[in-house]
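Down below is the structure, laid out as structure tokens.
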Amino acid sequence: MRVVSICPSNTEIIAYLGKTDWLVGVDNYSDWPGSVLNLPKLGPDLSIDMDKVAACQPDLVLASLSVPGMEKNIAALDERKLPYFILNPNALEEIANDIEKVGHALECSDLGKERAKDFRQEVDTFRKTASMQADKPTLYWEWWPKPIFTPGGLNWLTEISELAGAENVFADKNVASVQTDWEDVKHRNPDHICMVWVGVKEEKMNPELVKKRPGWNEMKAILNNHIHVLPESLFCRPSPRLLEGLRELVKTIE
């Protein structure tokens, strides 16, 4: 099949299924695995060039609604009558389901079920280990610094926190994404600050600037120097690579 992916997390699901050789084009931000870097780039995920997509003559386009604004990509796919499939997971079980769905769409259902089973088993292993942990450090995940955006209780990073034996300080917010302010974070006083600015490479994030925010020098995370710059590609994309991020998180906060 000729497959186009217009979102990095979709590309990573294709890779998890071992079918990257079926990809004939990807969005500009798809950067893993390295083999996709040589594929035709079809534009930023929020403004895909649908003429380029059509030129790829895809049998299937893997689309997404994971970021506000992607709706116009769907409208453009409809307009050109291109065959597409939408993925929009917020939870780890939804990612497992999507692995199965993509496997079915690519006419390799057994492979999809097998890889989804592998994914679920690894999640269960982490869950069992976390359930035996008495102390639960609190984590503040920073998606964006000003205004602050951070994952709420309905986001996969709340699950990732729990599987690492920790707790997201914004887990009480019954939404996937929370917009708040520095004062609110200071009041919640997390044990760890995890910087995962969306679309920003680690070398461009400066923990020293975080320390200078008003009153933050009194927070436990800063007093204990628990500010962690983490690769956003392992935490901000709803793909199987979240488990790689989880492994890194466990080592970081232990």
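Points worth noting:
- All of (1) more than 18 Å from Pro240 (Cα to Cα); (2) surrounded by fewer than 17 Cβ atoms within 10 Å (Cβ to Cβ) hold for Val198 with one exception: (1).
- Single residue of region 16-32 satisfying the filter (free of Cβ contacts under 8 Å to residues at least 60 places away in the same chain and surrounded by 14 or more Cβ atoms within 10 Å (Cβ to Cβ)) that is farthest from Ile99 (Cα to Cα): Asn28
- Test: residue in region 200-213 that is of a type outside the set (D, E, K, R) and at positive phi: no
- Inter-residue pairs, beta-carbon under 7 Å, first among the small types (Gly, Ala, Ser) and in region 237-248, second surrounded by fewer than 22 Cβ atoms within 10 Å (Cβ to Cβ), 6+ apart: Gly245/Leu234
- Evaluating Asp118 against the criteria (1) buried (at least 21 other Cβ atoms within 10 Å of the Cβ); (2) outside the structural domain of Lys220 (by TED's automatic domain parsing) leaves one unmet condition, (1).
- Annotation note: of Leu92, Leu87, Leu82, the sole residue that is free of Cβ contacts under 8 Å to residues at least 60 places away in the same chain and under 20 Å from Leu65 (Cβ atoms) is Leu82.
- One residue from Val196, Val185 being in contact with a Leu (Cβ under 8 Å, 6 or more places away or on another chain) and at pLDDT 95 or above: Val196
- Filter result (without any contact (Cβ under 8 Å) to a residue 60 or more places away in the chain, crowded, with 16+ Cβ neighbours inside 10 Å and among the hydrophobic types (A, V, I, L, M, F, W, C)) within region 168-195: Val169, Phe170, Ala171, Val178, Trp182, Val185, Ile193, Cys194, Met195
- Output for region 33-56, where each listed residue is surrounded by 14 or more Cβ atoms within 10 Å (Cβ to Cβ), assigned to a helix (DSSP H, G or I) and within 19 Å of the chain's Cα centre (by Cα): Val36
- Residue check, Pro137 at pLDDT below 95, touching an Asp or Glu at 6+ places or on another chain (Cβ under 8 Å) and surrounded by fewer than 23 Cβ atoms within 10 Å (Cβ to Cβ): no
- Hey, Ile74 surrounded by fewer than 19 Cβ atoms within 10 Å (Cβ to Cβ), modelled with pLDDT of 95 or more and among the hydrophobic types (A, V, I, L, M, F, W, C) or not: yes
The values are calculated or read from the model by the stated rules, or taken from the named source; none is laboratory data. Keep in mind that what you see is a predicted model, and the values were worked out from it rather than measured. Using ideal geometry, Cβ is built from the backbone for each residue, glycine included, and neighbour counts are taken over all protein chains shown.
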